[in-house]
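A quick write-up on the structure given underneath.
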Number of protein chains: 2
Amino acid sequence: VRRAREAVAAVGAPLVLAIIVWLPPWVLLTVLTAAVLLAADELLTMARGAGVACGRWLPLGSLLAVMVAAWLLGPQGLLVGVSTAVLVLPTFQLAAPGRPQGALAGTSVAVFTVAYMALTVACLGWLRTMPAAGMGIRLVLFFLLVIWVGDSGAYYVGRSLGRHRMAPRISPKKTWEGLAGAVVTTYLAAAGLRLALGLELPWIHVAGLATVLAVCAPLGDLVESQFKRDTGVKDSSGLIPGHGGVLDRTDSLFFAAPPVLAYLLLTGRVS
Amino acid sequence: VRRAREAVAAVGAPLVLAIIVWLPPWVLLTVLTAAVLLAADELLTMARGAGVACGRWLPLGSLLAVMVAAWLLGPQGLLVGVSTAVLVLPTFQLAAPGRPQGALAGTSVAVFTVAYMALTVACLGWLRTMPAAGMGIRLVLFFLLVIWVGDSGAYYVGRSLGRHRMAPRISPKKTWEGLAGAVVTTYLAAAGLRLALGLELPWIHVAGLATVLAVCAPLGDLVESQFKRDTGVKDSSGLIPGHGGVLDRTDSLFFAAPPVLAYLLLTGRVS
């Protein structure tokens, strides 16, 4: 498993970086859309496995429509898309077989999946498209690489030094030592990438972004872990050898994207 | 019950209309905020009664924050508020007692309640504040009165002529005759109010709005009914004598507000 994990990372990570650097933004947005549909499908499958009748194609179709609206029309499109989904999903539940039993939980999981996935991934795509072209590319590279390095820091430090469990009921393998490894490597990666990428960002904001990422990336991981544990699933799927499912690999990225975009907007680095 | 129902309507309806006509818009927005918090509390209470651990004060506090953001900052505030709630609610679930059991359904119902209530009620408030002042007052009066008349049409026609049940599993008292009564009185009310209010709206759009309301107001009622039936509740609460709970009285209003605002925006009647 460890070998497969490293082999996939060694091929997959450069591939993603190449897409960001060499190909036009719509390719990245298309890849993000595919990833979010796969991740949402995994979350919905987990819920159905636990007996929640949230449906499959209706929420996935809604999510696709919301993403298209967000990419074509920006924040306004996202708002209109999510609002529409919030009304349409419970309406279609009226006609679902076996209703109204389980209607509230089923509708709610479908709406949560669409809203959570759409809002977070839209912010990740906008990190690339909202700033000027060169700045957007560098920001997304910074964002992804800092999270990946921090995640690897947690993994390797936790494996070798981990003793004290952080959240035994939610994610038994996570340790406080691993979290400390993640925080330290996150700050180091942010500093190194600021220099390597020539990112035009004052050091105070490099530290600010590293802090946001050090808090939010592990939180995104924990938030997904509680859903997996709740629904009795270990990996969200087996799609990526050694890494689990798409949701396992993207949970931190998705969750951290809105706070990072908010930080950049509030500090006037992106407008 | 019928007497109480009519007595409350005879006092309550003119009171609400007086607030809209005579008092500044922020009073209406405050009343809407209070109503949406009560309605959300009823929905959350129904869910908890059915065993979903969605919490109470955290989603209600989030909803209040989102409404304040929507009133002060408009659609942007609503989008940022809902996005924040979508990340914050599952994060707080991590620390809830008994977790992670029930985390996905609990988070989802909390997020659904906040998103559904905030998005719909924001649109209702904006019907008053987005157009010019006189137009906004007339639009909200038109909106409320058409729905109330249509609802009464359904009630009285259904009571006297109702034979064929429309949705026996979801709401056994609703009949096709009642729905026909609602549709006819909705169109009549829209025409009458166009004249009585001096609403500057071409007749084609009066018909368009009446169609939107004839479809969406009954749908909003059915959507709430399925949640009540699912959770084994008859009235959302006993707060309003003869009418049930706040949610029972507002479900059609909330659900129909976004489609009506969308219709007005898309046809250029409001910008």
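The values are calculated or read from the model by the stated rules, or taken from the named source; none is laboratory data. Computed from a prediction, not measured in an experiment: that's the story for all the values here. Quick reminder, even Gly has a Cβ in these numbers, built from the backbone with ideal geometry, and neighbours come from all protein chains shown. Only protein heavy atoms, including side chains, enter the accessible area calculation; ligands, DNA and RNA are left aside. Shrake-Rupley method; radii C 1.70, N 1.55, O 1.52, S 1.80 Å.
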Residues of the stretch B:160-203 satisfying the condition of being assigned to a helix (DSSP H, G or I) and β-branched (Val, Ile, Thr): B:183, B:184, B:185, B:186
Output for the stretch A:68-81, where each listed residue is touching a residue at least 12 places away in the same chain (Cβ under 8 Å), within 26 Å of residue A:144 (Cα to Cα) and surrounded by 22 or more Cβ atoms within 10 Å (Cβ to Cβ): A:70, A:78
Selection from the stretch B:221-244 of residues within 14 Å of chain A (Cβ to nearest Cβ) and among the hydroxyl-bearing types (Ser, Thr, Tyr) yields B:225, B:231, B:236
Suppose the filter is closer than 28 Å to residue A:233 by Cα, out of contact with any Asp or Glu (no Cβ under 6 Å at 6 or more places or on another chain) and open to solvent by 40 Å² or more (accessible area, probe 1.4 Å); does residue B:65 pass it? no
Just the residues that are within 22 Å of residue A:172 (Cα to Cα) and open to solvent by 40 Å² or more (accessible area, probe 1.4 Å), please, taken from the stretch A:196-226. A:215, A:219
Report yes if residue A:122 is on the phi < 0 side of the Ramachandran plot, within 12 Å of chain B (Cβ to nearest Cβ) and in a helix (DSSP H, G or I), otherwise no. yes
Selection count, the stretch A:51-62, where residues are crowded, with 16+ Cβ neighbours inside 10 Å and either small (Gly, Ala, Ser) or in contact with a His (Cβ under 7 Å, 6 or more places away or on another chain) (or both): 3
Can you find, within the stretch A:229-267, the residue that is nearest to residue A:173 (Cα to Cα) among those that are part of a loop (DSSP other than H, G, I, E, B) and open to solvent by 40 Å² or more (accessible area, probe 1.4 Å)? A:234
What do you reckon, is residue B:127 closer than 19 Å to residue B:197 by Cα, touching a residue at least 12 places away in the same chain (Cβ under 8 Å) and either at the interface with another protein chain (Cβ under 10 Å from one of its Cβ atoms) or open to solvent by 20 Å² or more (accessible area, probe 1.4 Å) (or both)? no
Give just the number: which of (1) within 10 Å of chain A (Cβ to nearest Cβ); (2) free of Cβ contacts under 8 Å to residues at least 12 places away in the same chain does residue B:167 not satisfy? (2)
With B:5, B:99 as the choices, which residue is farther than 17 Å from residue B:250 by Cα, more than 18 Å from the chain's Cα centre (by Cα) and of a type outside the set (S, T, N, Q)? B:99
Determine whether the stretch A:245-257 contains at least one residue that is more than 8 Å from chain B (Cβ to nearest Cβ) and farther than 20 Å from residue A:125 by Cα. yes
For residue A:192, indicate whether it is more than 14 Å from chain B (Cβ to nearest Cβ) and either β-branched (Val, Ile, Thr) or crowded, with 20+ Cβ neighbours inside 10 Å (or both). no
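Conditions tested, residue by residue: (1) within 17 Å of residue B:79 (Cβ to Cβ); (2) of a type outside the set (Gly, Ala, Ser).
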position: A:47; (1), (2): no, no
position: A:57; (1), (2): no, yes
position: A:61; (1), (2): no, no
position: A:64; (1), (2): no, yes
position: A:70; (1), (2): yes, no
position: A:78; (1), (2): yes, yes
position: A:86; (1), (2): yes, yes
position: A:90; (1), (2): no, yes
position: A:95; (1), (2): no, no
